[in-house]
Each structure stands twice: as structure tokens, then as C-alpha cells.
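Beneath this line is the structure, given in C-alpha cells, with notes to follow.
The values are calculated or read from the model by the stated rules, or taken from the named source; none is laboratory data. The shown structure was predicted, so the numbers you read here are calculated from the model rather than taken from an experiment. Here the Cβ positions follow ideal geometry from the backbone for every residue, glycine too, while neighbour counts run over all protein chains shown.
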Amino acid sequence: MAMGLLRAKVAGGTEEWRVESAGIWAQRGLPPASYTVEMLLKRGIDLSDYGSRAVTSEMIQDFYLILVMERNQREALRSAFPLHASKIFMLSEMIGKKLDIVDPIGGTLADFEDTAREIEQILEKGYVRIRKLAAGGKTASLSKR
């Protein structure tokens, strides 16, 4: 969800971005939750061809900014990749907070909408910081479960 929303945010801009999503504990090839697809399609974002995958060391090395949704994800990646800890942040840190963004999996469409609005608000308010942190190569990665 966050990957789609960030891709939409940067689309059409003058900078080229590579925005991807990978999970810390993800199984490869699973489609997005049906509510994610439905909610994003309402916003003109199509992720129907997306398949889940796990974070790799190559991804951590390649990206200039890694954004995660939860504190435990940030800590897991920082522990696993200490040389790259300085580029791993919680998405909420882009607006000066350290709040977990609750995963709506298992919830209702309204729960997915609430999460999407929260992510959109953070992307809007924190976009300048995201751009600054990703300036090393115009890339950003969003990690999910």
C-alpha cells in the first residue's frame, strides 16, 4: 500500500525514483490483499501485478532510503545491516514522530482506508524530508511485513 501511494506521489515529477516494497518476513510472490488493491484502484493506482518478496542485502545496499512501518521492522533491519542503519527509518519519522503504522491485514475495507489516509498524510507532510534523505540516488524503499 505504502509503495503504491509513494509511487503515485512522485509520479510525474522531474526526478526519477525507484520505489519498491519488500517484507522482512515476507513469502515470495503473494499478491496484495484484495482490500489493498481495491482501495488503491479508487485512487487510480494499480498494484495488481505486484508480488511480495523478502528484503535482501542487495536491496539494502542499493537504496539510499529505506522506510518501514513499524519500530520492530526498523530495529530488525538496523540489527541485520548495521553498516546501513543510518538510512533506515520509520515512515512516521519523516514527520518527526516514532509511531507504528498499524497493518490493516485481517481488517475491514474501512481499516485499509484509515491506514491509507495515515500514510498519505505522512507522505504529504514528510515529502520534503523523504526527498532530502533519498537525494543520494533518488530511490526509496518501503518495507512491509
Among (1) touching a strand residue (DSSP E or B) at 6+ places or on another chain (Cβ under 8 Å); (2) of a type in the set (Gly, Ala, Ser); (3) more than 27 Å from Ala135 (Cβ to Cβ), Ser34 falls short only on (1)
In the range 85-100, the residues that are surrounded by 17 or more Cβ atoms within 10 Å (Cβ to Cβ) and assigned to a helix (DSSP H, G or I) = Lys87, Leu91, Ser92, Glu93, Met94
Mind checking which residues of the range 12-26 are surrounded by 10 or more Cβ atoms within 10 Å (Cβ to Cβ) and either farther than 23 Å from Ser57 by Cα or free of Cβ contacts under 8 Å to residues at least 24 places away in the same chain (or both)?
-> Gly13
Could you say whether any residue in the range 117-132 is over 18 Å from Lys9 (Cα atoms) and crowded, with 16+ Cβ neighbours inside 10 Å?
-> no
Being exposed (fewer than 13 other Cβ atoms within 10 Å of the Cβ), touching a residue at least 24 places away in the same chain (Cβ under 8 Å) and farther than 20 Å from Ile122 by Cβ narrows it down to one of Gly29, Gly44, so name that one.
-> Gly29
Of the residues that make up the range 101-124, is at least one farther than 20 Å from Thr36 by Cβ, at pLDDT 95 or above and part of a helix (DSSP H, G or I)?
-> no
Checked pairs for the range 51-78, first without any contact (Cβ under 8 Å) to a residue 12 or more places away in the chain, second of a type in the set (Val, Ile, Thr) and buried (at least 23 other Cβ atoms within 10 Å of the Cβ), C-beta under 6 Å and 6 or more apart or across chains, list as Arg78/Ile88
Can you spot a residue in the range 38-49 that is at negative phi, out of contact with any helix residue (DSSP H, G or I) (no Cβ under 9 Å at 6 or more places or on another chain) and among the aliphatic types (A, V, I, L, M)?
-> yes
In the range 61-101, anything of a type in the set (Phe, Trp, Tyr) and either closer than 12 Å to Ile122 by Cβ or in contact with a strand residue (DSSP E or B) (Cβ under 7 Å, 6 or more places away or on another chain) (or both) is listed as Phe63, Tyr64, Phe89
